[in-house]
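Comments concern the structure below.
We did not get these values from a lab; they are worked out from the coordinates using the rules stated. Everything numeric here is computed off the predicted structure, so don't read it as measured data. As a convention, Cβ positions derive from the backbone with ideal geometry for all residues, glycine included, and neighbour counts pool all protein chains shown.
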């Protein structure tokens, strides 16, 4: 019990002194190329939350989780693409980095890169990978930032892969 108390005090001390942000993100992705080629009609909606730590002025690193919900003309096409029967969801576990380049006092351009594992149908046997980069216009309201932009993202599941253009928003909350 004493060891647990000491660890909790240490964790609270670190968090209270840190520059911790929580980002909420969401996007709609258009697939521009895919293998197999039938999967090129797949689009998906993704979103999630991540904790970010500001390591220096304008540079943040962190990690989080997200969900990708695949939309397609048929569920069999999605199942074939993901390699999991009757699955249209994938759990993403991501590591990310952001760099913000100020334009003026209240706006900036933010570049966000991310990557990690993707678990289609929450199945660890069919693990895939996701990697992407995006550019956002950000409006800063001191403890809250709202961003809108787009980028490019690649997803790989077994022998299937797709390259997509996600268009989305990013909200950052500082406590």
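Look through 79, 160 and report the one residue that is over 17 Å from the mean Cα position of the chain (by Cα), surrounded by 15 or more Cβ atoms within 10 Å (Cβ to Cβ) and without any contact (Cβ under 8 Å) to a residue 24 or more places away in the chain. Lay out the reasoning, then the answer.
Numbers: 160 fails: without any contact (Cβ under 8 Å) to a residue 24 or more places away in the chain.
None of the other options fit; the residue is 79.
Return the only residue of 69, 99, 53 being without any contact (Cβ under 8 Å) to a residue 40 or more places away in the chain, more than 16 Å from residue 28 (Cα to Cα) and surrounded by fewer than 20 Cβ atoms within 10 Å (Cβ to Cβ).
Result of the check over 69, 99, 53: 53.
For region 33-47, enumerate the residues that are under 15 Å from residue 166 (Cβ atoms) and either part of a helix (DSSP H, G or I) or touching a helix residue (DSSP H, G or I) at 6+ places or on another chain (Cβ under 8 Å) (or both).
Result: 33, 34, 42.
Residue-by-condition table, conditions (1) over 21 Å from residue 21 (Cα atoms); (2) in contact (Cβ under 8 Å) with a residue 24 or more places away in the chain; (3) part of a strand (DSSP E or B):
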| site | (1), (2), (3) |
| --- | --- |
| 92 | no, yes, yes |
| 115 | no, no, yes |
| 125 | yes, no, no |
| 133 | no, no, yes |
| 156 | yes, yes, yes |
| 166 | yes, yes, yes |
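Got a sec? Which of 9, 84 is free of Cβ contacts under 8 Å to residues at least 40 places away in the same chain and either assigned to a strand (DSSP E or B) or farther than 17 Å from residue 153 by Cβ (or both)?
Unique residue meeting the criteria: 9.
Out of all the residues in region 56-66, which are surrounded by fewer than 17 Cβ atoms within 10 Å (Cβ to Cβ) and either touching a residue at least 60 places away in the same chain (Cβ under 8 Å) or closer than 23 Å to residue 123 by Cα (or both)?
63, 65
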